[in-house]
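Single-structure report; data block below.
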Amino acid sequence: MKTDLGKVLTVSGEQGLFTYVAQATRGAILESMLTKKRFSAGPSVKMSALSDISIFTQDGEMKLQDVLEAMKKELGEEKAPSGKSAPELLKEFFGKVVPNYDGERFYPSHMKKVVEWYNCLKEYASLDFEKEDEGESKASDNEESAKTAASKQAKEASKHQGTKVSSKQAAPAKASVPRKVV
């Protein structure tokens, strides 16, 4: 099963990664990948989807998904270095994986997070990621099927009432409220 990085979140002040489960009244319901415990994250909780994260390179930015795929290609089936490794080891590792990373803006603390996320995804999810195009096509397919179902229901209802329904929705009538001219 492919991992959707848009639904994998990192939460400020919490260890590990979280999976988005559902929308709550105020915030979101998240499930920890490590402990499988769920909690409600309120609106004040700072969280970021892994699909929104990039690292700095000499040429600009590189999406985290591309970095994780480069790490997978370099490591094969092995785990990434531990997040508690020496900064020199992490710099050497990222020098192999992303040779053009910006050493002045991509700090060892960031490198530690990335290797910890990689190891967490390797152990608790999949390193086979959904492409952004796949997610968009699934969403558009769902929207199309919902529109088709809605038009079928409207046509069925009209058969029972004896009126004709077109596939296009009629625009709502404008209220006849006099405009105030200043």
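Full extension of the chain segment joining LYS46 with LEU127 gains 26.7 nm, where the gain is 0.36 nm per residue of separation less the Cα-Cα distance. For segment 26-117, the list of trypsin sites (Lys or Arg not before Pro) that fall in a loop by DSSP and count at most 16 other C-beta atoms within 10 angstrom reads ARG26, LYS36, LYS37, LYS46, LYS79, LYS84, ARG105.
Over every Cα atom in segment 1-106, the radius of gyration and the widest Cα-Cα span, Dmax, amount to 15.7, 45 Å. With the cut-off at under 16 Å, measuring from each backbone N in segment 38-57 to a point 7 Å along the Cα-to-Cβ line of ASP102 picks out 53-57.
For segment 18-82, the list of GluC sites (Glu not before Pro) that fall in a loop by DSSP and count at most 15 other C-beta atoms within 10 angstrom reads GLU77, GLU78. Listed cross-link partners LYS36/LYS96; LYS37/LYS91; LYS7/LYS84; LYS36/LYS91; LYS37/LYS96 are compared with a 30 Å cut-off, the Cα-Cα value being larger for LYS36/LYS96; LYS37/LYS91; LYS36/LYS91; LYS37/LYS96.
Take the Cα of ALA24, step 7 Å toward its Cβ, do the same at LYS7, and the gap between the two points is 1.9 nm. The slack between ASP59 and SER82, meaning 0.36 nm per residue of separation minus the straight C-alpha distance, is 5.5 nm.
Coordinate-derived values only; no laboratory data. Computed from a predicted model, the values in this text were never measured in an experiment. When we count neighbours, we look across all protein chains shown, and the Cβ atoms used for this are built from the backbone with ideal geometry, even at glycine.
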